[in-house]
Amino acid sequence: MATSELQVDLRETLGKGGARKLRAADLVPAIVYGKGDEPCPVTVAPKALQKAIATEAGWNTLITLKGDGPFDGKVVILKEMTSHPIKGYPTHVDFQTINMSEKVHVMVPVHAIGTAEGVKMGGNLQIIRKELEVHCLPSAIPSSIDIDVTELMIGNVVHIDDVTLPEGAEVPHDVNFTVITVAGHKGEEEDEGVEGEDEEGTEEDAE
């Protein structure tokens, strides 16, 4: 469980004009909301925000807000962040308050551990699901879902039911979907198809 603290301030200027003034002052307009809480507009310094989520958990870091307002002491996660399409700096941030005793849904990145045998043979490791939706208590949010791929051969598939999840975490699903696979090179697959056709053609000619 990764935690951090973040200083925020109440936002008094609302609307597009107010947001532009804040960005000009190197501040990011944000909103704090959650179950049972009135949405609270705030501002945050972009460097402080980046530092707060610079943990192994990233966006899933449990952030304790600090400042003069109803948000003080509340634990939140970064739920959404919009950025400038060209320059990349954050233009708006959504913080969601959480109850440490209630389970949450979060997106957790998938990490392949090791080098697959199929890759050593020339195959291509494909992570089909780069993130998984995990349901767990905030204290049990994993920083990543690690999958050992060392024994995978070309054509092997790891389905969600094959994945060992961290303790306290579950991935709700109705279909046993693919998470990781090792595929052969496209050129090799096409060559195999041509060879198969030639063999069939030879048999037909022989008849």
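The values are calculated or read from the model by the stated rules, or taken from the named source; none is laboratory data. Keep in mind it's a predicted model, so treat the numbers as computed, not measured. Please note: Cβ atoms are built from the backbone with ideal geometry, for glycine as well, and neighbour counts cover all protein chains shown.
For the range 51-72, name all the residues that are assigned to a loop (DSSP other than H, G, I, E, B), of a type in the set (D, E, K, R) and either buried (at least 18 other Cβ atoms within 10 Å of the Cβ) or more than 21 Å from the chain's Cα centre (by Cα) (or both). So that I can check it myself, show each step before the final result.
Our first condition is that a residue be assigned to a loop (DSSP other than H, G, I, E, B); within the range 51-72, this holds for 53-57, 61, 67-72.
When the remaining residues are screened for being of a type in the set (D, E, K, R), the result is 56, 68, 72.
Passing the criteria: Asp68, Asp72.
Of all residues in the range 27-39, one or more are over 30 Å from Ile145 (Cβ atoms) and either basic (Lys, Arg) or not in a strand (DSSP E or B) (or both). Here Ala30 fulfils each of the conditions (1) surrounded by fewer than 16 Cβ atoms within 10 Å (Cβ to Cβ); (2) small (Gly, Ala, Ser); (3) on the phi < 0 side of the Ramachandran plot apart from (1). Does any residue of the range 92-115 turn out to be out of contact with any helix residue (DSSP H, G or I) (no Cβ under 9 Å at 6 or more places or on another chain), surrounded by fewer than 17 Cβ atoms within 10 Å (Cβ to Cβ) and not in a strand (DSSP E or B)? Yes; the residues of the range 92-115 include at least one that is out of contact with any helix residue (DSSP H, G or I) (no Cβ under 9 Å at 6 or more places or on another chain), surrounded by fewer than 17 Cβ atoms within 10 Å (Cβ to Cβ) and not in a strand (DSSP E or B). Restricting Pro109, Pro39, Pro29 to residues that are modelled with pLDDT under 95 and within 26 Å of Ser139 (Cα to Cα) narrows the list to Pro39. For the range 73-91, the tally of residues that are of a type outside the set (S, T, N, Q), modelled with pLDDT of 85 or more and surrounded by 11 or more Cβ atoms within 10 Å (Cβ to Cβ) stands at 9.
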